[in-house]
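Novice: Got a structure for you, written out below as structure tokens; questions coming shortly.
The values are calculated or read from the model by the stated rules, or taken from the named source; none is laboratory data. Values in this document were obtained by computation on a predicted structure and should not be read as measured data. Note that each Cβ is placed from the backbone with ideal geometry, even for glycine, and that neighbours are counted across all protein chains shown. When the accessible area is computed, the model is the full protein with side chains, heavy atoms only, and any ligands, DNA or RNA have been set aside. Shrake-Rupley method; radii C 1.70, N 1.55, O 1.52, S 1.80 Å.
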Amino acid sequence: MARIAFIGLGNMGRPMCDNLTKAGHDVMGYDVVPAARDAYAAAGGRVAATLAEALADADTVISMIPTGKHVRAAYEDEGGVLTHARPGTMLIDCSTIDVESARAVSKAAADAGFVMVDAPVSGAVPAAQAGTLTFMVGGTAEGFERARPVLAAMGPKIFHVGASGNGVALKICNNMMAGMSMVAISEVFALAEKLGLDHQTVYDVMTVSSGNCWALQSYCPVPGPVPASPANRDYQPGFAAAMMLKDMRLSQNAAATSGAATPLAGSAAALYQMLVEHGHGNKDFSAVFALITGRLTSVGG
């Protein structure tokens with residue numbers, strides 16, 4: 001059993017905490033947002049009023065925080081994790097952030113005597129709730145082996161993908177693919193409609209043909225074919241469009257830094273930006289179909 005300080009009690013963090021607790025770990029949650037702390041406490045979770053309190057007895061820290069700026073502040077600022085964590089505490093950051101920030105905070109942790117891995121996840125809220133997340137872990141072999149038993153409580157697929165920062169690098173690539181795929185699928189259904197094809201027929205044929213992919217099977221952007229997809233509940237996330245825009249921007253920043261050519265991803269990022277700018281950032285990213293087909297006004301705010 002690990003004594004875990006979990007930082008970040010949002011849509012992903014809370015179900016991750018729940019699964020850690022179900023697995024027998026002792027979890028103390030913390031979030032800088034009081035409402036998030038209150039919601040977790042109301043659901044029966046143990047909550048710390050301060051980060052220092054959360055860290056006092058922890059042997060493992062897990063963070064799920066929005067951006068690189070937030071991660072660096074949580075770990076490196078005066079009063080942060082690197083100041084208050086006990087010697088030997090294992091540090092695991094599950095946030096999706098830029099590669100440079102991930103590597104910088106990992107170096108700061110190593111300089112302070114801690115072992116740290118970046119372990120972003122794939123699967124979004126449904127997988128977090130079901131305990132079926134996929135983890136992409138960057139860091140040393142020692143860090144990976146120490147993190148794996150804790151991560152296993154939240155998902156069975158855990159991959160060591162190389163040195164520090166490689167976890168978030170692979171996550172950025174993965175979400176870039178998901179973002180582009182959803183735009184492509186949405187364009188396909190838009191064309192199929194104009195050609196007189198039925199949504200269910202398109203889905204049935206494509207899922208057993210060369211056009212099949214995860215985004216089509218799990219997050220089909222049109223109502224009907226996949227009962228659990230956000231398209232059947234007014235595009236409630238799921239994975240919010242604002243989060244996909246964040247990840248697409250991370251991909252474009254990484255492409256610019258590394259000199260990679262990603263023109264399709266750039267076009268997809270522009271569409272998600274339009275979706276968010278129209279006030280639909282809180283909708284699932286599959287609502288890009290409504291943007292492409294001109295039905296955006298029929299999607300609730």
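Novice: Just give me the residues in the stretch 98-142 being touching a strand residue (DSSP E or B) at 6+ places or on another chain (Cβ under 9 Å), part of a loop (DSSP other than H, G, I, E, B) and open to solvent by 20 Å² or more (accessible area, probe 1.4 Å), in sequence order.
Specialist: Matches in the stretch 98-142: F114, G123, T132, T140.
Novice: Please enumerate the residues belonging to the stretch 279-297 that are of a type in the set (G, A, S) and either open to solvent by 40 Å² or more (accessible area, probe 1.4 Å) or under 17 Å from N175 (Cβ atoms) (or both).
Specialist: Answer for the stretch 279-297, where residues must be of a type in the set (G, A, S) and either open to solvent by 40 Å² or more (accessible area, probe 1.4 Å) or under 17 Å from N175 (Cβ atoms) (or both): G279, G281, S286, A287, G294.
Novice: Sort out which residues of the stretch 31-60 are open to solvent by less than 30 Å² (accessible area, probe 1.4 Å), in contact with a Lys or Arg (Cβ under 9 Å, 6 or more places away or on another chain) and under 21 Å from A2 (Cβ atoms), and write them in order of number.
Specialist: The answer is D31, Y40, G45, A48, L55, A58, T60.
Novice: Let me ask another. Which members of the stretch 143-166 meet the condition of being open to solvent by less than 30 Å² (accessible area, probe 1.4 Å) and either out of contact with any helix residue (DSSP H, G or I) (no Cβ under 9 Å at 6 or more places or on another chain) or within 16 Å of V61 (Cβ to Cβ) (or both)?
Specialist: Those that are open to solvent by less than 30 Å² (accessible area, probe 1.4 Å) and either out of contact with any helix residue (DSSP H, G or I) (no Cβ under 9 Å at 6 or more places or on another chain) or within 16 Å of V61 (Cβ to Cβ) (or both): G143, F144, A147, V150, L151, A153, M154.
Novice: Just a yes or no: is a residue in the stretch 202-224 among the β-branched types (V, I, T), more than 19 Å from L170 (Cα to Cα) and open to solvent by 50 Å² or more (accessible area, probe 1.4 Å)?
Specialist: Yes, the conditions are met somewhere in the stretch 202-224.
Novice: Right, here's the next one. At pLDDT below 95, open to solvent by less than 50 Å² (accessible area, probe 1.4 Å) and polar (S, T, N, Q): is that true of T67 in this structure? It would help to see each step written out before you state the result.
Specialist: Numbers: at pLDDT below 95: yes; open to solvent by less than 50 Å² (accessible area, probe 1.4 Å): yes; polar (S, T, N, Q): yes.
Answer is yes for this residue.
Novice: Any idea which of (1) assigned to a helix (DSSP H, G or I); (2) without any contact (Cβ under 8 Å) to a residue 24 or more places away in the chain is the one S186 doesn't satisfy?
Specialist: (2)
Novice: State which residue is surrounded by the fewest Cβ atoms within 10 Å (Cβ to Cβ) when the search covers only the stretch 70-97 and only residues that are farther than 23 Å from N174 by Cα and touching a Gly at 6+ places or on another chain (Cβ under 8 Å).
Specialist: Here the residue is P87.
Novice: Just need a number here: residues in the stretch 189-201 that are more than 24 Å from Q273 (Cβ to Cβ), part of a helix (DSSP H, G or I) and open to solvent by 40 Å² or more (accessible area, probe 1.4 Å).
Specialist: 5
Novice: For residues that are more than 18 Å from the chain's Cα centre (by Cα), part of a helix (DSSP H, G or I) and of a type in the set (A, V, I, L, M, F, W, C), tally how many sit in the stretch 202-254.
Specialist: The qualifying residues number 5.
Novice: Identify all residues within the stretch 105-140 that are β-branched (V, I, T) and either more than 19 Å from A74 (Cβ to Cβ) or more than 11 Å from the chain's Cα centre (by Cα) (or both); write none if there are none.
Specialist: The initial filter retains those residues of the stretch 105-140 that are β-branched (V, I, T), namely 105, 115, 117, 121, 125, 132, 134, 137, 140.
Correct list: V105, V115, V117, V125, T132, T134, V137, T140.
Novice: Give G29, G79, G88, G24 a once-over and let me know the one that is small (G, A, S), at pLDDT below 95 and farther than 18 Å from F135 by Cβ.
Specialist: G79
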